Amino acid sequence: MIKLAAALSFIIILIIFIFQNLQVAKINFLIWSFEASLSLVIILTIIITISLNFVLFIPYKLKKSMDKKNINSSKEISKEIENNKD
């Protein structure tokens, strides 16, 4: 129920944001130029930023996960060696 209320609140806020930012914005980037509503430009910028952060964070997260597994396995190996010495 809480997730539904949060999603509904987000959608209402998003609709209000879109209707308050209907003016056209001209975007120039290197050789490209286009016009779109300001709200669309902002929303697309946020989506692209989140996507890039996610894609760029994946290798770091995988490496960290692999390091944890290596540390845990090396701890297990050292425990086995210590147990075998006794």
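If you go through region 1-23 and pick out every residue that is assigned to a helix (DSSP H, G or I) and more than 23 Å from the chain's Cα centre (by Cα), you end up with 3. The listed residues are Lys63, Lys69, Lys26, and the only one of them that is modelled with pLDDT of 85 or more, outside any loop (DSSP other than H, G, I, E, B) and basic (Lys, Arg) turns out to be Lys26. Inside region 25-60, residues that are of a type in the set (A, V, I, L, M), exposed (fewer than 11 other Cβ atoms within 10 Å of the Cβ) and touching a strand residue (DSSP E or B) at 6+ places or on another chain (Cβ under 8 Å) make up a count of 0. If you go through region 34-59 and keep only what is part of a strand (DSSP E or B) and at pLDDT 90 or above, you end up with just Glu35.
The values are calculated or read from the model by the stated rules, or taken from the named source; none is laboratory data. Just so it is clear, the structure is predicted and the values come from calculations on it, not from any experiment. With ideal geometry, Cβ positions are generated from the backbone for all residues, glycine too; neighbour counts draw on all protein chains shown.
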